[in-house]
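Undergrad: Handing you this structure, nothing more for now.
The values are calculated or read from the model by the stated rules, or taken from the named source; none is laboratory data. These figures come from a predicted structure and were not determined experimentally. Cβ placement follows ideal geometry from the backbone for every residue including glycine, while neighbour counts extend to all protein chains displayed. Please note that ligands, DNA and RNA were not included when accessible areas were found on the heavy atoms of the full protein model with its side chains. Shrake-Rupley method; radii C 1.70, N 1.55, O 1.52, S 1.80 Å.
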Amino acid sequence: MAVTPPAQRNWWKEPIERVELIWTVLAFLWGIAMFATMILWHVVGKQNLANEAYRISPDVFMTRTEAFAKKYKVREEGKTGVPVVRPPAGADVYMLGRLWEWWPVLELEKGQSYRLHLSSVDWQHGFSLQPINVNIQVHPGYEHILTITPDQSGQYGIVCNEFCGIGHHQMTGKIHVVERKPQ
Amino acid sequence: MTTVDVAAGQAVAGRQAQFRSCPFTGLRVDLAAQKLIIANAVAAVIFLAVGGLFGLLVALTRWPAVHLLPAELFYLVLTGHGANVLLFWIIFFEIAVLYFASAVLLNSRLATPKLGWLAFILMVVGAVMANVAVLQGDSTVMFTSYPPMKAAPHFYLGLILFAVGALVGVGIFFATLVIAKEERTYEGSIPLVTFGALTAAIIAVYTIASGAIILIPTFLWSVGLIGTIDPLMYKVVWWGMGHASQQINVSAHVALWYAIAALTVGAQPLSEKVSRTAFFLYILFLQLASAHHLLVEPGISSEWKIFNTSYAMYLAVLGSMIHGLTVPGSIEAAQRRNGFTKGAFEWLRKAPWGNPAFAGMFLSLVMFGFIGGISGVVLGTEQINLLMHNTLYVPGHFHGTVVAGTTLAFMAATYLVLPLIFQREVAFPRLAKIQPYLFGIGAAGISLFMMGAGTLGIPRRHWDMTLADASMPYEFSAAAFLMMGLNGVFAVLAALGGIIYIVVVVASALGGKKVDASRPAWQFPVTSAAGANVAKYGSHGTVKLPGTIILVGVFFVAFMLYYYVNWKYLSAVWPLR
């Protein structure tokens, strides 16, 4: 039994049950298939998180984000006082997480690609884009740069899904995706 | 000369152990080991009660219609829930399992019981200290305590003391293995269950070392001796502890599956070689799992993520899948030997479902595989993690592993520990009979509904899914609210199961009838028709296992479908690179 020493001292030389052997081989191959799928997705898939990241001081990131917001600000979001920023297609866009908001609000064109710079200026935050449910961890001191291509127009909410203190559940943000303007 | 040395050495180092003889198994039980097993098990149950209560409060707050606690208290209680159940309940119980699997199963005395008590006291002091820190309200940092968020120094110190105590306990386990071998208390190799416990102990050393490497500097940072802790470095090392400690749980509860299967239906491993190799795969590869928590982190390459998150091509998953066949397979083989040979499933239908040890074990096995296991692999896929990271899917997954898997297995084992070690009959046997079902169904429900809510975007560790206080509100779907309501209902079910467990254990331990060795209410193995047949070694004696083959076939198909469905979901979101 499993609670007593093996009945046969040379248990290593015992033959293996056939069903065990088949299952082990099958499970091993399935593991290889799953491993290969992740690699394959980097070739054929369109959703792979960027590896591009830099160390950055929170102050510098804040300065850059503020400059970006000032340059491309088109209006304010409702009565919140938060600027809505509409950068040209293909531009570098910035969003910072802080206690307790995602700042600023972005307005992007459908079908265009943008280089999104993400960082935090205080604690860790979780960038959670809804309703498409894309979730990215945001660290202070690290600037993560990913290229996003919104493929449907509409309003997208951003919530925070990394616990960041007592105001965590108030931390939200927004991205508007609009149809491309006729040239 | 040598003989003299050995004798002298024994006189100095060896303590005069006092043994009793177990009426069921004939094993010698070191009374010092027995006391330590009881102490650790009792401490485990107390922390389960505290942590479980916290868990119920969390679930009732996240139930939108109830929304019980105010925000500040919710986050505080959630921090306490994690520490008490994930660390204290499980590790106290595991220390008891280690002492049992070494001293009792090997017929040996326990090494240095005095150190065992020191370890126990350290763990109790550490656990209480961390709880005090949390309840004081300055350490609401969640179980993970990610910097730059800072807890009070005695929060970290409590965890460090607890870990040191646990490490001493693991050391006593190793020392007992050495003593048992030297004093020849058993023949040949250690039993499979002890081998599984050894796996858990080896992983525990790695785990506790990771914890020390990161928690000691974090403690120094909290008292102002260190300037900064890099948040990314912290996560890499912290999860070397945080996830690897779950692998201790897996090894321990798989070992208990084998033990319970042996003691209830007289199961023996199909082949020792395969089951032990599967445990060995854990030792080699489980440590890589830190990566599961870093898949959407900046500054880590995809190559690193893919290699580590898959345990180097899913080799640790392979270990679990092997156990997923060999555990039910050994039960089927034993039951067929017991005479239940009709059709594919008579062995399963006529299994001792009224015995809470067996019922809890089998439910734990099935739910760990189908819920915890499959969701874990999917969640841990580099790209798919984008859809789930830090949503409620994550706690959904690990309630499938740690609650439906580990905790249920430990509860099941308790029904054997009570008569064998406490030497008490199980009190309220009728309640005990339904306990694993109540708790199991509750645990399955909370796992599945949290996973469901997570796929709809609901964040974990979040007080208010209505986002009512946010300046830019976002409305989650009605389905998500329904999921959270159902999660609350099933949490109440699980809590009922938990309360019954605690009542049964306390009543048995304090006021239970002493086991009468001449007329025990329990027999081992429970299905005793096996008798002499079981003595025969597995491989040659076993018959075909059609039922198990069907079960693992269903599992495999479910696994593949669910895995690729999630790739399909992923392909529908915004392109990003």
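Undergrad: For the interface of chains A and B, what total accessible area is buried with a 1.4 Å probe, rounded to the nearest 100 Å²?
TA: Buried area between the two chains comes out at roughly 8800 Å².
Undergrad: Answer with one residue from B:ILE502, B:ASN131, B:MET241: the one whose Cα lies farthest towards the positive end of the charge dipole of the protein assembly as shown, charges on Cβ with Lys, Arg +1 and Asp, Glu -1.
TA: B:ILE502
Undergrad: Still on this model: With each run of n ≥ 4 DSSP H residues scored as -39500 (n - 2.57), what mean residue ellipticity at 222 nm is computed for chain B after dividing by its residue count and rounding to the nearest 500 deg cm²/dmol?
TA: -21000 deg cm²/dmol
Undergrad: Can you give the mean number of other chain Cβ atoms that lie within 10 Å of the Cβ atoms in peptide B:452-465?
TA: 5
Undergrad: If you don't mind, another one. Working from the alpha-carbon coordinates of segment A:53-178, get Rg over Rh, Rh being the Kirkwood radius.
TA: Using only Cα positions, Rg/Rh for segment A:53-178 is 0.93.
Undergrad: Below 17 Å, Cα to Cα, which aspartates and glutamates can B:LYS544 reach? Residues fewer than 8 away in the same chain don't count.
TA: Straight-line reach from B:LYS544, under 17 Å: A:GLU17, A:GLU20, B:GLU332, B:GLU346.
Undergrad: In the protein assembly as shown, what % of DSSP beta bridges are antiparallel (nearest 5)?
TA: 70 percent
Undergrad: Going highest first, how would you order B:186-192, B:381-387 by mean Cβ packing within 10 Å?
TA: Most protected by this proxy first, the peptides run B:381-387, B:186-192.
Undergrad: Using the reciprocal of the averaged 1/r over all distinct C-alpha pairs, how large is the Kirkwood radius of the protein assembly as shown in Å?
TA: 27.1 Å
Undergrad: Between B:ILE121 and B:SER571, how high is the FRET efficiency from 1/(1 + (r/R0)^6) when r is the Cβ-Cβ distance and R₀ = 41 Å? Nearest 0.05.
TA: For R0 = 41 Å, the calculated efficiency reads 0.15.
Undergrad: For the charge dipole of segment B:149-244, defined by +1 on Lys and Arg C-beta atoms and -1 on Asp and Glu C-beta atoms about the Cα centroid, which residue among B:ALA151, B:ALA175, B:ALA209 has the Cα displaced farthest towards the positive pole?
TA: Selected residue: B:ALA151.
Undergrad: Mind checking Rg over Rh on segment A:132-183, alpha carbons, Kirkwood formula for Rh?
TA: 1.04
Undergrad: Could I ask something else about it? Along the charge dipole of the protein assembly as shown, Cβ charges K/R +1 and D/E -1, which of A:GLN112, B:TRP63, B:HIS293 sits furthest on the positive end?
TA: B:TRP63
Undergrad: Quick check for me: using +1 on Lys/Arg Cβ and -1 on Asp/Glu Cβ, what's the dipole size of the protein assembly as shown about its Cα centre, in debye to the nearest 20?
TA: 1480 debye
Undergrad: Still on this structure: On a 29 Å Cα-Cα criterion, which of the cross-link pairs A:LYS70/A:LYS181; B:LYS273/B:LYS513; A:LYS13/B:LYS181; A:LYS174/B:LYS568; A:LYS79/B:LYS150; A:LYS13/B:LYS35 come out too long?
TA: With Cα atoms farther than 29 Å apart: B:LYS273/B:LYS513; A:LYS79/B:LYS150; A:LYS13/B:LYS35.
Undergrad: Give the aspartates and glutamates reachable from B:LYS514 as a straight Cα distance under 12 Å; neighbours fewer than 8 places away on the same chain don't count.
TA: Result set, ordered by chain and number: B:GLU425.
Undergrad: What does the average come to when, for each residue of peptide A:172-179, you count the partner chain Cβ atoms lying within 10 Å of its Cβ?
TA: Rounded to a whole number, the mean comes out at 2.
Undergrad: Remind me, relative contact order of segment A:53-178 in percent, using alpha carbon pairs under 8 angstrom and six or more residues apart?
TA: 26 percent
Undergrad: Applying a 10 Å radius around every beta-carbon, put B:222-228, B:357-363 in order of their mean neighbour count, most first.
TA: Highest mean packing first, the order is B:357-363, B:222-228.
Undergrad: Sorting check: for B:278-290, B:407-419, which peptide has the highest mean count of neighbouring beta carbons within 10 Å, and how do the rest follow?
TA: Highest to lowest by the protection proxy: B:407-419, B:278-290.
Undergrad: Next question. Of all DSSP beta bridges in segment A:53-178, what percent run antiparallel (nearest 5)?
TA: 70 percent
Undergrad: Decide, for segment B:50-94, between rounded, prolate and oblate: order the square roots of the alpha carbon gyration tensor eigenvalues as a ≥ b ≥ c, take rounded if a/c falls under 1.5, and otherwise choose prolate if a/b is larger than b/c, else oblate.
TA: prolate
Undergrad: Estimate the FRET efficiency between A:GLN8 and B:TRP353 by the formula 1/(1 + (r/R0)^6), using the beta-carbon distance for r and 30 Å for R0, to the nearest 0.05.
TA: 0.40
Undergrad: Now for a separate question. Specify, per residue and in Å³, the volume enclosed by the convex hull of the alpha carbon atoms belonging to chain B.
TA: 168 Å³
Undergrad: May I ask you to compute the full-extension gain from B:ASP138 to B:TYR437, defined as 0.36 nm times their residue separation minus their alpha-carbon distance, rounded to one decimal in nm?
TA: Extra length available between B:ASP138 and B:TYR437 comes to 103.8 nm.
Undergrad: Using a basic spin-label model with each label point 7 Å from the Cα along Cα→Cβ, how many nm lie between B:ILE550 and B:SER301?
TA: A separation of 5.0 nm, rounded to one decimal place.
Undergrad: Per residue of B:264-271, what is the mean number of Cβ atoms on other protein chains within 10 angstrom of that residue's Cβ?
TA: 4
Undergrad: Mind putting a number on the dipole of chain B about its Cα centre? Charges go on the C-beta only, +1 for Lys and Arg and -1 for Asp and Glu, and I need it in Debye to the nearest 20.
TA: 1480 debye
Undergrad: Return the calculated 222 nm mean residue ellipticity for chain A, to the nearest 500 deg cm²/dmol, obtained by summing -39500 (n - 2.57) across DSSP H runs with n ≥ 4 and dividing by the residue count.
TA: It lands at -8000 deg cm²/dmol.
Undergrad: Output ³J(HN,Hα) for segment A:116-132: one whole-Hz value per residue in order, computed from phi by the Karplus curve 6.51 cos²θ - 1.76 cosθ + 1.60 with θ = phi - 60°, and x for Gly and Pro.
TA: Couplings: 8, 9, 10, 7, 10, 10, 9, 9, 6, 9, x, 7, 10, 8, 10, x, 6 Hz.
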